[in-house]
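The values are calculated or read from the model by the stated rules, or taken from the named source; none is laboratory data. Treat the numbers as computed from the prediction; the structure is a model and nothing was measured. We place every Cβ from the backbone using ideal geometry, glycine too, and count neighbours over all the protein chains shown. Only protein heavy atoms, including side chains, enter the accessible area calculation; ligands, DNA and RNA are left aside. Shrake-Rupley method; radii C 1.70, N 1.55, O 1.52, S 1.80 Å.
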Amino acid sequence: MTDYKERFAGDSEQFEQAAKAFFGGEMSKQDYKGISGGFGSYAEKGGASGMLRLRMTAGRVSKQRLAFLVNTMEKYQVPFAKLTTCETIQLHRLKGELIPQIYEEALEAGIFCRGGGGDFPRNVMASPLSGVQVGEAFDIMPYAQAAGDYLLGLIGQVKLPRKLKVAFSNGVGNETHATFRDLGFIAGADGTFTVYSAGGLGSNPKMGLKVAEGVEPHQILYYIKAMVDTFVAHGNYTVRSKARTRYMQDTLGKEGYVKAYQQNAKAALAAGGLDIEPKTIPVTKQGKGELKETRVVAQKQPGLFSVWYHPLGGKLEMKSLRILADAIQDMEDVELRIAPDETLYIINCTADEARKVLEATADGAKNRFECSVACIGGTVCQQGIGDSQALYAACVEAVRQAGIADGALPQVHISGCPSSCGTHQIGAIGFRGGMKPVDGVAKPIFTLHVGGSDTMGNEVFGEDWGAILAQDIPTFLVQLGKMVQETGEGYDAWQSNHIQEMRDLAQEYLL
């Protein structure tokens with residue numbers, strides 16, 4: 001991996017001066033956002049604190065990076081960190097003067113924040129169990145990391161209309177949304193990639209377009225360059241709300257977009273110079289023991305296991321992180337992987353090690369519903385409207401008290417605003433925060449989205465059923481869970497045969 005420390009360190013003086021001016025009351029929120037976003041930082045609601053986004057290319061968190069995270073949180077008494085649906089980690093409630101300092105310390109530790117926000121290539125995503133997952137086409141991790149390295153090199157060199165998100169799937173699942181990102185690579189059994197482009201969530205969501213098949217892994221950078229060149233040539237530099245790649249499907253038409261992309265790919269391949277030969281590092285650790293637990297996944301390496309840990313609300317508490325870091329410190333080849341649903345996987349554990357990890361992560365989600373996704377929400381995020389974290393907490397508490405059985409409710413996706421940072425549009429049940437006048441008074445509401453799916457080959461955005469008062473949603477979910485539970489079916493099977501019953505129940509709550 002290229003070392004960008006020196007280059008990015010040379011950029012940081014601008015960030016430091018901007019942070020000093022903003023938190024000193026000498027710079028507007030908008031002007032500060034225009035600078036700070038490019039350094040992976042935004043002021044939080046109220047302007048008294050800020051956040052800092054740590055890039056974790058392909059969702060990989062080594063023990064060294066985990067140690068940096070824990071030590072930083074303890075040193076500066078950071079109350080919590082937040083896992084994101086783009087496989088990054090955000091530090092929250094930071095005092096203004098500390099943000100550039102932590103940025104520099106992260107850079108020194110090899111953790112880049114540059115381009116974590118603003119109009120830059122964002123964190124490259126990868127299937128969280130790449131290299132260890134049973135049934136995967138091949139290990140995509142070295143290619144995802146090479147892609148991340150290449151895109152980091154474009155920061156400050158290429159002016160994009162807006163952000164660019166790239167994702168890789170190992171062919172087992174589509175949790176990275178590779179079929180509807182700005183650019184997505186799907187690993188195939190024949191050892192090549194199928195490429196999708198110009199998709200995305202948020203306002204005016206769109207599925208991606210298939211732009212290439214049979215792409216040899218050593219040539220992926222040509223297809224990334226083609227995406228960048230197409231975005232630069234045809235992206236909207238004047239209307240920010242329409243400056244994402246998915247809008248090129250509208251301006252060029254689907255066929256026109258595919259043609260433009262393929263012409264740029266052909267030109268990039270003809271120019272040459274971007275072939276790569278990343279090395280796949282095999283897992284050589286010897287497995288040992290047997291283990292069957294709810295939160296344990298057997299790896300393709302015999303006798304090795306991954307443990308999943310979903311911090312409630314995706315929020316990483318300082319004490320919990322310390323317990324986990326201490327538990328794995330002496331475990332050979334163990335590392336963390338961030339999943340797009342805000343779950344952590346601790347991989348390459350023997351059976352005995354997995355038992356220790358299970359104990360160290362006992363404070364997390366217990367079932368599928370508690371693994372629901374929630375963005376940081378409107379009490380922290382400047383753009384946020386609905387309080388996603390409060391809704392998540394209230395729903396989990398209500399469902400626990402009602403004794404709803406595991407499987408009666410699906411994983412729910414909660415976004416505080418239309419930006420879809422909680423990926424509400426692809427949840428079996430999704431909620432999007434907002435405000436609505438009720439009896440002449442503006443009240444917190446969430447629109448209900450039903451039937452979304454990111455399953456490969458069956459991708460669909462959920463249908464917007466209308467708005468529900470935020471305060472009524474826990475009761476709605478409890479009633480829904482009871483309806484499903486009484487049939488003895490799981491939610492997925494029940495919903496496919498009882499959609500009208502669900503509509504009738506929802507109608508009792510819709511405004």
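Just one of the listed residues (GLY24, GLY46) is over 26 Å from the mean Cα position of the chain (by Cα), over 25 Å from LEU154 (Cβ atoms) and open to solvent by 40 Å² or more (accessible area, probe 1.4 Å), and it is GLY24.
As for the stretch 280-303, it holds no residue that is in contact with a Phe, Trp or Tyr (Cβ under 8 Å, 6 or more places away or on another chain) and among the acidic types (Asp, Glu).
Within the stretch 34-82, the set of residues being among the aromatic types (Phe, Trp, Tyr) and under 21 Å from VAL334 (Cβ atoms) comprises just one member, PHE68.
When GLY364 is tested against (1) under 30 Å from ALA467 (Cβ atoms); (2) touching a His at 6+ places or on another chain (Cβ under 8 Å), exactly one condition is not met: (1).
Among residues of the stretch 148-169 being open to solvent by less than 40 Å² (accessible area, probe 1.4 Å) and β-branched (Val, Ile, Thr), the one that is modelled with the lowest pLDDT is ILE155. In the set ASP439, ASP363, only one residue is open to solvent by 40 Å² or more (accessible area, probe 1.4 Å) and within 22 Å of VAL296 (Cα to Cα); that residue is ASP363. Here the stretch 234-269 is the region considered, the condition is being outside any helix (DSSP H, G or I) and β-branched (Val, Ile, Thr), and the residue that is surrounded by the fewest Cβ atoms within 10 Å (Cβ to Cβ) is THR238.
Selection of the stretch 159-181 for residues being part of a loop (DSSP other than H, G, I, E, B), within 14 Å of the chain's Cα centre (by Cα) and of a type outside the set (Ser, Thr, Tyr) yields LYS165, ASN174, GLU175, HIS177, ARG181.
THR280 - would you say it is among the polar types (S, T, N, Q), in contact with a helix residue (DSSP H, G or I) (Cβ under 9 Å, 6 or more places away or on another chain), assigned to a loop (DSSP other than H, G, I, E, B) and under 30 Å from TYR345 (Cβ atoms)? Considered against the rule, which asks whether it is among the polar types (S, T, N, Q), in contact with a helix residue (DSSP H, G or I) (Cβ under 9 Å, 6 or more places away or on another chain), assigned to a loop (DSSP other than H, G, I, E, B) and under 30 Å from TYR345 (Cβ atoms), THR280 comes out as yes.
Residue-by-condition table, conditions (1) under 11 Å from the mean Cα position of the chain (by Cα); (2) aromatic (Phe, Trp, Tyr):
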residue: LEU83; (1), (2): yes, no
residue: THR88; (1), (2): yes, no
residue: ARG93; (1), (2): no, no
residue: TYR103; (1), (2): no, yes
residue: GLU108; (1), (2): no, no
residue: ARG114; (1), (2): no, no
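Of all residue pairs spaced 6 or more apart or on separate chains, those with beta-carbon atoms under 6 Å, a first member in the stretch 53-77 that is more than 17 Å from THR88 (Cβ to Cβ) and without any contact (Cβ under 8 Å) to a residue 60 or more places away in the chain and a second member that is of a type outside the set (Lys, Arg) and in a helix (DSSP H, G or I) are TYR76/LEU98. Within the stretch 136-147, residues that are under 11 Å from PHE168 (Cα atoms) and open to solvent by less than 20 Å² (accessible area, probe 1.4 Å) sit with their Cβ atoms under 8 Å from residues that are at pLDDT below 95 and among the charged types (D, E, K, R), at 6+ positions apart or across chains, in these pairs: PRO142/LYS279.
If only residues of the stretch 454-470 that are surrounded by fewer than 16 Cβ atoms within 10 Å (Cβ to Cβ) and without any contact (Cβ under 8 Å) to a residue 40 or more places away in the chain are counted, the one that is nearest to LYS206 (Cα to Cα) is VAL460.
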